[in-house]
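All remarks here apply to the structure that follows.
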Amino acid sequence: MVCPYDLSRPGGVQGQGRGLVRALRALGHDAWLIAPDDAPLGWAGEDRYVAGRSLGLRANGSVAPLCVSAMGARRAVGVARARGAQVVHLHEPFAPVLGYGFWAAHRWPTVATFHRSGSDALMAIASPLARWARGRIDVCVAVSEAARDTAATMCGGTYEVLFNGVDLGRYAGVVPTPSDVPAVLFLGRHESRKGLEVLLDAFAQVTRPAVLWIAGTGADTARLRARHPESERVRWLGVVSDDEAASRLLGAAVLCAPSLGGESFGMVLVEAMAAGTAVVASDISGYRQVAAGHGTLVAPGDRGALAVALDRLLASPPDAGTLERARQHAAQWSMDGLAARYVDLYRRAMARRPPAARIARLS
């Protein structure tokens with residue numbers, strides 16, 4: 001499995017790559033993840049190979065931590081060959097450049113997962129190349145209808161719409177982070193598209209006793225911290241580990257996802273519902289599809305409406321039955337179930353490229 005984004009940075013695609021590898025290994029498959037990371041180059045445990053370092057590149061209203069080294073792409077192909085990979089799974093296959101060697105070489109049965117929602121001028125320029133590369137992918141998956149439409153516009157073809165998965169067992173035995181007053185949690189990158197500035201301005205209007213926990217980091221961190229410094233009501237947590245993120249989700253009264261757009265799938269909403277935490281989020285397509293009535297949605301960028309929604313939820317929290325129904329709703333996105341679906345797709349990809357054809361391409 002290949003993830004183009006740096007594993008040492010917060011991000012949904014990185015989480016999906018790590019989670020899928022764990023679930024596949026639990027099913028008895030020899031799965032491992034190739035990605036950029038801050039760790040030393042080479043193997044970092046049995047299930048992770050660090051192929052290079054990342055640079056922050058602006059794309060789709062975000063700053064993506066991508067490996068742009070041709071040597072990194074070469075290392076990725078080399079380790080797959082050395083370890084005897086039977087199938088390759090590329091996340092965001094056209095994101096520079098870690099996965100490029102695989103569809104360029106066309107040596108392995110290949111499954112690709114498209115996560116992105118929304119297009120830009122660069123996508124239009126890259127469309128002819130993407131359409132050629134699309135023909136070298138055996139099975140294409142999109143994490144949502146929005147991601148499918150984006151991929152189909154860019155490079156054509158058909159896509160199986162699955163979902164992003166959540167590890168439902170990650171909260172077992174986790175101690176919730178304590179708080180003297182109800183906590184509102186933001187968990188994501190600090191950049192315009194994620195809407196943190198909107199949340200900070202809205203939270204200043206919230207009248208109920210509460211504290212805002214801000215996890216993550218990004219290009220806007222310094223500027224936003226200067227406007228909204230650390231206080232009893234605003235806590236800047238920095239980058240948190242997976243364990244702390246789980247503890248914070250369990251301890252928070254509300255998970256707030258104020259993104260302004262460009263979200264193909266609301267993974268953080270699924271995680272919050274699985275943890276039994278109430279959700280307030282922007283009314284955008286990726287979040288609307290996931291929430292499905294189990295969260296409060298407000299117009300993106302509307303600070304006043306967001307403040308009102310938070311105040312109301314803090315004043316009248318959802319009862320245990322409402323939160324349990326949200327948990328059951330989130331269970332349909334089980335990572336274990338997703339891994340089993342991908343195993344079927346891996347077999348389909350291998351069936352489409354029989355061994356004789358693969359040997360011919362390798363010779």
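Counting only Cβ charges, +1 for Lys and Arg and -1 for Asp and Glu, the dipole size of the chain around its Cα centre is about 1380 debye.
Around the amide H of residue 183, modelled in the peptide plane, lie the amide H atoms of 211, 253, 254, all under 5 Å away and 5 or more residues distant in sequence or on another chain.
State whether the range 1-147 is rounded, prolate or oblate according to the following rule on the C-alpha gyration tensor (a ≥ b ≥ c being the square roots of its eigenvalues): a/c under 1.5 gives rounded; otherwise a/b larger than b/c gives prolate, and the remaining case gives oblate. Rounded shape, in that the Cα axes give a/c under 1.5. Amide H contacts for residue 282 (H built 1.01 Å from N in the peptide plane; partners 5 or more residues away or on another chain; cut-off under 5 Å): 257, 259, 298.
Packing, taken as the mean count of other beta carbons within 10 Å per residue, orders the peptides 13-19, 253-259 from highest to lowest as 253-259, 13-19. In nm, give the distance between the simple-model label positions of residue 302 and residue 233, each being 7 Å from the Cα along the Cα-to-Cβ direction. According to this spin-label approximation, the distance is 2.2 nm.
Can you sort 6, 167 by how many other beta carbons sit within 10 Å, fewest first?
Working: 6 23, 167 20.
Result, fewest neighbours first: 167, 6.
Model label points for residue 288 and residue 57, set 7 angstrom from Cα along the Cα-to-Cβ axis, are 3.2 nm apart.
Calculated on the Cα set of the range 125-258, radius of gyration then Dmax: 19.5, 57 Å. Scanning residues 5 or more positions from residue 219 or on other chains, those with amide H under 5 Å from its amide H are 190, with H placed 1.01 Å from N in the peptide plane.
In terms of the Cα gyration tensor, with a ≥ b ≥ c the square roots of its eigenvalues, is the range 226-305 rounded because a/c is under 1.5, prolate because a/b exceeds b/c, or oblate? Please report the intermediate quantities before stating the final value.
Numbers: a/c = 1.85, a/b = 1.23, b/c = 1.50.
Oblate shape, in that a/c is at least 1.5 and b/c is the bigger or equal ratio.
In order along the range 90-98, phi translates into HN-Hα couplings of 9, 8, 6, x, 9, 6, x, 10, 4 Hz, rounded to whole numbers, per the Karplus curve 6.51 cos²θ - 1.76 cosθ + 1.60 with θ = phi - 60° and x for Gly and Pro.
Note the full-extension length gain between residue 30 and residue 311 as 0.36 nm times their separation in residues minus their Cα-Cα distance, in nm to one decimal.
Numbers: separation 281, 0.36 × 281 = 101.16 nm, distance 4.82 nm.
Gain on stretching residue 30 to residue 311: 96.3 nm.
Let me know the shape class of the range 170-332, please: from the alpha-carbon gyration tensor, a ≥ b ≥ c as square roots of the eigenvalues, rounded when a/c is under 1.5, otherwise prolate if a/b is greater than b/c, or oblate. Judged from the Cα gyration tensor, the range 170-332 comes out rounded (a/c under 1.5). Of all beta bridges that DSSP places with both ends in the chain, some 20 percent have antiparallel geometry. Between the listed residues 306, 289, 258, the Cα displaced farthest toward the positive end of the dipole of the chain, a dipole computed from Cβ unit charges relative to the Cα centre, is found at 289. For the chain, the equivalent ellipsoid derived from the Cα gyration tensor has semi-axes of 36, 21, 19 Å, listed largest first.
Read-outs throughout are calculated quantities, based only on the coordinates presented, and are distinct from any laboratory measurement. Worth saying up front: this structure is predicted, and the values here are computed from it rather than measured. Neighbour counts are summed over all protein chains in view; Cβ atoms, including those assigned to glycine, are modelled from backbone coordinates with ideal geometry.
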